[in-house]
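Values quoted throughout were computed directly from the atomic coordinates according to the rules given, and no laboratory measurement underlies them. Here the structure is a predicted model, which means the values were calculated and not measured. Neighbour counts are summed over all protein chains in view; Cβ atoms, including those assigned to glycine, are modelled from backbone coordinates with ideal geometry.
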Amino acid sequence: MTLLGPILIAGFLSLAIYLGMSDSSVQNVVVVDQAKLVTKAFKDSEFIKFFYTNETLSDSAFGESPYNLMLIVNEHIVENNKAHLYYKKYPSVNVQSYVSNQLDNALEQVKLKLNNIDDKVYSEIRTAVILGLFDYKDQEVESRKVELATVGFFFALIIYMFILLYAVQVMRGVMEEKTNRIIEILVSSVRPFQLMMGKIVGIAFVGLTQFLLWILLTTALMSVFQSMIFTDPLAGEIIAQQQISPELQKELISPEQSKAAVILDLIDRINFPLMTGMFIFYFLGGFLLYSALFAAVGAAVDSEADTQQFVMPLTIPLIFGFIIGEFAVLNPEGSSSVFFSIFPFTSPVVMMIRLANGFTPDTMWQLYLSIILLILGFIFTTWIASKVYRVGILMYGKKVGYKEIWKWLRYGS
Amino acid sequence: MDKLRIEHISKHYRNHTALEDVSFSVKSQSIFGLLGPNGAGKTSLIRIINQITSADSGQIFLDDKLLSEKDIANIGYLPEERGLYKKMKIGEQAIYLAQLKGLSRNDAISKLKYWFDKYDLANWWDKKVEELSKGMAQKVQFITTVLHEPDLLILDEPFSGFDPINTNLIKNEILDLRKKGTTVILSTHNMNSVEEICDDIVLIDNANIILEGKVSELKQRFKPNQFELTFKGNMIGFTNALWTNYDLVETKKEGDLIKANIKLLNDKSLNDLLKIAIDHLEIHEVHEQIPSMNEIFITAVEQKNEPAEIIA
């Protein structure tokens, strides 16, 4: 499990990239220029070659031809702005947008001539505003909240996965001890509460270690695979395409470099000591909160099949937190992001996204409140769970429902 | 001296009473039978002694001191429903269980080596529990119960699942442990073993103690004042002579010999019976009918359920 995980992840990722690359073998596009407007107007790329004809190819002729794609530019293209691309194999989005961009550019040139507009004038008129976002109290640096939130989302994803995987493992462990009856030997040596906490804390550290290893190994393996097979020229082409005018392109040193600069800027902005500290806190806090409840479920039931009715309501807030997290990336400071980053059942996931953006002194209280509530939250769930656990582990052959558990909660010590 | 003293223990669950004001004591260095039909309250009591659950009222004293959490290390408990981690190697597992009872790892290993050798399990140290036969797993469980040399052993049905050879092995082990100073509480339905090894018993039924005492005394108390007479001779004359003071319970013919079960009534003694018999019969053998623990168990439980009769 510890070793297999990273190998599988790195293997699958590399396979996906490799297959993606094999798709980007050279695409031959035949342009049927019925309008006689765009012949020779398209720029070939390393992976896309254009060929031109004025004659319509029959379906069978295209089928037998060496062309992969057939672009029909109809006679009325200037009026209707519509073209059809016929494929033998569905082209990737990158190919689609490359072809579409080429056609846009070619038609723009045609329309400029039709309207007697000078090319140079047009480039000057054509506008793409770069909207910089600034907090009025902090005008020095441009905000990159959404990008940062995306980084936070990665941490949130790990926490979400960890809780789901390992809380279920706690439940299985408890159930195993109950069903194979070793539990009675154990509880004659240690208090049920100690046993339950031992299981939870033990698995928490197993999980933490395992994830650390996963991350290290996956990163190492990926870099090995990458150096062996990974280059992605097409992606670079597309970025180059999307730069609208040559002037703008010159302004930005190069697209790759600007991308790297953004990433460096993002890394620079994240408070990593805080982020790492909080990651471990929410990692453990969220795990303790949920796994206590999962332990209680394991203690209450006799078989895996009976866990369903209890596991569902436990996973719903977690999944919900994950969905809220996706919205929170787009609107990191919306009121739902704020609320669910404080609410203990969703905060381990949602707060990670907000943490990447950091807090101002004005909003710091939200982080403190979230931390306090999470601590209170897992003390509460542990307390509830210990009551269910204590009664449940020695209760056999009884179909347990919510009513029964409610009774256990009301038992004295 | 009493090893364990149970005083006025009661335990009520929502819908039923498991124990109602139960008191008894267990002598030091004795084997004590805790008996009763299924559902009588034995397991509840054992769990309370092991501090797995707590009593609603009453107190328990171990060595004249109120039972406390640290006493766990001095008690060995073999539950009736017992299990082991199936996927774990038995050696590691035994070490783990010993450590839970407070032994150091090294102590646990050296003690386990001794017991594993003794019970022919040495080759199984690195095997998983799922590879073991039921009897072997039972042995491992027994070992982990006694390994930390507790003063008080509580064994719930220790013989179930064992073949006669292993049953004997465990029985001798229990006797051995008593000799070394251990006090053993044995909860079982196996009345033969009670008869063979128990010094004292209590019999619990429906949350109450219905019988307690030394095994030897109980047998005396429950004897039906009944004798088996083996003889040759004229049955008819003899039975007529018995008249109203005797009750001929049963007769059996074995070849020439007749065996008659005769209950003495109205304060008659064996001598009185023999006087009559000698006139009519050629007596070969006579002996008193002593009840087995099995019979005592059944009699006591049945009498308890007939409220008219009260047990002394």
Could you put A:Arg144, A:Arg191, A:Arg390 in order, starting from the residue whose Cβ has the fewest other Cβ atoms within 10 Å?
A:Arg191, A:Arg144, A:Arg390
Taking the dipole about the Cα centre of chain A, with the C-beta of Lys and Arg at +1 and of Asp and Glu at -1, give me whichever of A:Met161, A:Gly202, A:Tyr87 is farthest to the positive side.
A:Gly202
Around B:Leu66: net Lys/Arg minus Asp/Glu count, Cβ-Cβ under 12 Å:
-2
With a Förster distance of 35 angstrom and the Cβ-Cβ distance between A:Leu212 and A:Gln139, calculated FRET efficiency to the nearest 0.05 equals 0.30
In degrees, nearest 10, the alpha-carbon axis of helix B:134-146 is tilted away from the dominant principal axis of the alpha carbons of chain B by 70 degrees
Tell me which DSSP H helices of chain A clear both cut-offs, 18 Å or more of axial length from alpha-carbon atoms and a mean Kyte-Doolittle hydropathy of at least -0.5.
A:4-23, A:93-114, A:145-179, A:192-229, A:255-269, A:272-300, A:308-330, A:364-392
Considering only the other residues whose Cβ falls under 14 Å of the Cβ of A:Leu57, what net charge follows from Lys and Arg at +1 and Asp and Glu at -1?
-3
With a point put 7 Å past each Cα toward its Cβ, work out how far B:Asp256 is from B:Met235 in nm, to one decimal.
1.7 nm
Give the separation of the Cα centroids, the stretch A:113-138 to the stretch B:24-45, in Å.
93 Å
Calculate, in nm to one decimal, what A:Leu131 and A:Leu369 gain on full extension: separation in residues at 0.36 nm each, minus their alpha carbon distance.
82.3 nm
Once A:Leu157 and A:Phe339 are pulled to full extension, the length gained, defined as 0.36 nm per residue separation minus their Cα-Cα distance, is 63.6 nm
Estimated FRET transfer efficiency (A:Asn271, B:Asp117; beta-carbon r; R0 60 Å; 0.05)
0.50
Per-residue ellipticity at 222 nm for the protein assembly as shown, helices alone: DSSP H runs ≥ 4 residues times -39500 (n - 2.57), over residue total, nearest 500 deg cm²/dmol?
-17000 deg cm²/dmol
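Nearest 5 percent is fine: what portion of the DSSP beta bridges confined to chain A is antiparallel?
Bridges in chain A are about 30 percent antiparallel.
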R0 of 56 Å, Cβ-Cβ distance A:Glu147-A:Glu176: FRET efficiency to nearest 0.05:
0.80
Given contacts defined as C-alpha pairs under 8 Å and at least six residues apart, what's the relative contact order of chain A, whole-number percent?
20 percent
Rounded to 10°, Cα long-axis angle of helix B:293-304 versus longest principal axis of chain B:
80 degrees
Charge tally for neighbours of B:Leu132 with beta carbon under 10 Å away, counting Lys, Arg as +1 and Asp, Glu as -1, is +3
Given charges at Cβ of Lys, Arg, Asp, Glu: the protein assembly as shown dipole, positive-most of A:Leu367, A:Phe12, B:Asn74
B:Asn74
With label points set 7 Å from each Cα along the Cα-to-Cβ direction at B:Lys70 and B:Ser160, the distance between them in nm comes to 3.5 nm
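Report, as an integer, the average count of C-beta atoms from other chains found within 10 Å of each Cβ along A:187-198.
Mean partner shielding for this stretch: 4.
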Cα axis of helix B:164-179 to longest principal axis of chain B: angle in degrees, 0 to 90, nearest 10?
80 degrees
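Summarise the partner chain shielding of B:100-107 as one whole number: the mean count of Cβ atoms from other chains within 10 Å of each residue's Cβ.
2
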How many nm separate the modelled label positions at A:Ser303 and A:Gln194, each set 7 Å beyond the Cα in the direction of the Cβ?
3.4 nm
Please turn the phi angles of the stretch A:53-59 into ³J(HN,Hα) values with the Karplus equation 6.51 cos²θ - 1.76 cosθ + 1.60 (θ = phi - 60°), one per residue in order, whole Hz, x for glycine and proline.
8, 9, 8, 5, 7, 6, 4
Can you sort A:Met222, A:Met171 by how many other beta carbons sit within 10 Å, fewest first?
A:Met222, A:Met171
Restricted to the protein assembly as shown, the DSSP antiparallel beta bridge percent, nearest 5, is 65 percent
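Restricting the count to DSSP beta bridges whose residues both fall in the stretch A:1-138, what percent are antiparallel, rounded to a multiple of 5?
In the stretch A:1-138, DSSP labels about 30 percent of beta bridges as antiparallel.
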